[in-house]
Amino acid sequence: MPRSLRLAVTSAALVVVCAAVYVSGWGRPSAELQASREPAAVRPAPLPDDRPAPPGLEQATLASGCFWCTESDFDSVSGVVSTTSGYTGGSLAHPTYAQVSAGGTGHVESVEVLFDPEVVTFKDLLDRYWHNVDFFNDHGQFCDYGEQYRPVIFVHGSAQREVAEVSKARVQAQFARRVVVEVVDASVFYPAEAYHQDYHAKNPVRYNYYRWSCGRDARLAEIWRQPS
């Protein structure tokens, strides 16, 4: 068999294997599969929107699609103390992953970021946010579709709102297309099930395959390659 043909056959086989791996749970498992792994009773209590941040820290709540990826995007930022995946923005109390992923709850997958403002500011976090979100798509993000994946900046108070609006305007000035990320007041934040927390760290192979197959980084590079 010619070498070129062998390479083509091998590549095709790898694609088939990767697809099978993804479907079998090595990518992002279904809501039913994830829900079966851990009872809802172990889920943390909801966090009120008006609760104070721990002394010396501030909070930011951001949605940019899959919360596994959003957590990963901010965990490595100096000054970020913790990240928590969860659901917010809707009216359903104590939502589960299955309910939110099915749509219709008004909630979005989001991440609460606790940070030290002496090390990193809210403006700094937003600068990173814009480079990790498809701000032209308000119907989902990357390979995930639906209102539950829409991009949102949830602001905690008027000071954050001002910073967010200025930051959004700065990004909009670089592009002809409309930036569709919402800036809305924070509401009750419901932490997601424990198996979602730190998913990128606990399941690096599955996480990295999901992120790659979703085309997240390729799309981000495309957006910022030629601002217009």
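The values are calculated or read from the model by the stated rules, or taken from the named source; none is laboratory data. Nothing here was measured: the structure is a model prediction, and the numbers come from that model. Methodologically, a virtual Cβ is constructed for each residue, glycine included, from the backbone with ideal geometry; neighbour enumeration extends over all protein chains shown.
Tabulated data for the structure shown
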| item | result |
| --- | --- |
| Some residue of the range 66-77 being within 27 Å of S158 (Cβ to Cβ), assigned to a loop (DSSP other than H, G, I, E, B) and not aliphatic (A, V, I, L, M) | no |
| Total residues in the range 101-123, condition touching a strand residue (DSSP E or B) at 6+ places or on another chain (Cβ under 9 Å) and not in a loop (DSSP other than H, G, I, E, B) | 10 |
| Answer from S213, S158, S167 - the residue that is over 13 Å from G65 (Cβ atoms), surrounded by 14 or more Cβ atoms within 10 Å (Cβ to Cβ) and either over 17 Å from the mean Cα position of the chain (by Cα) or not hydroxyl-bearing (S, T, Y) (or both) | S167 |
| Filter result for A93 (outside any loop (DSSP other than H, G, I, E, B), at pLDDT below 95 and over 22 Å from F136 (Cα atoms)) | no |
| Helices (runs of 4 or more DSSP H) wholly inside the range 139-228 containing at least 3 residues that are hydroxyl-bearing (S, T, Y) and in contact (Cβ under 8 Å) with a residue 12 or more places away in the chain | 204-214 |
